[in-house]
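Comments concern the structure below.
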């Protein structure tokens, strides 16, 4: 990948922030950390992130606010929502609204690693398509 793969961890719970950050750093990834929707929005407007892990609820909003903030960015990073509710309908609603994935808290390293690997593969495939597109459009003289 051309750019660095940076992950935003947006979690109100200190335990979830710590657990996610530990797994991501263990994978060699750079992280940006926020504990509120407002902080997540500020990070998203200031820097490029490749993936967002976001808790379902914050004191100042919810994952839907983070999804909207991501949609306003050029990168439109995939957003993964975590929830303690174990609610099937909430899972379906998050996916309908544009979440990349949804998992039940607490954080499990294997789940996080699998989601990150899939997101990285998708980003690499998109980058390859972008490199190939100009070649397809070029005309031979």
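The values are calculated or read from the model by the stated rules, or taken from the named source; none is laboratory data. All values derive from a computational prediction rather than experimental measurement. Cβ atoms come from the backbone with ideal geometry, glycine included; neighbour counts cover every protein chain shown.
Results, tabulated for the structure shown:
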quantity	calculated
Total residues in region 89-141, condition loosely packed, with under 10 Cβ neighbours inside 10 Å and modelled with pLDDT of 90 or more	3
Candidates 90, 15, filtered to the one that is assigned to a helix (DSSP H, G or I), touching a residue at least 60 places away in the same chain (Cβ under 8 Å), out of contact with any helix residue (DSSP H, G or I) (no Cβ under 9 Å at 6 or more places or on another chain) and closer than 21 Å to residue 108 by Cβ	15
Selection from region 27-43 of residues that are free of Cβ contacts under 8 Å to residues at least 60 places away in the same chain, surrounded by fewer than 18 Cβ atoms within 10 Å (Cβ to Cβ) and more than 14 Å from the chain's Cα centre (by Cα)	28, 36, 38, 39, 42
Residue match in region 67-83 (condition: assigned to a helix (DSSP H, G or I) and touching a strand residue (DSSP E or B) at 6+ places or on another chain (Cβ under 6 Å))	yes
Candidate set from region 46-66 (those that are part of a loop (DSSP other than H, G, I, E, B) and either touching a helix residue (DSSP H, G or I) at 6+ places or on another chain (Cβ under 9 Å) or free of Cβ contacts under 8 Å to residues at least 24 places away in the same chain (or both)); member that is surrounded by the fewest Cβ atoms within 10 Å (Cβ to Cβ)	59
Per-region count, region 1-12, residues within 13 Å of the chain's Cα centre (by Cα) and without any contact (Cβ under 8 Å) to a residue 60 or more places away in the chain	3
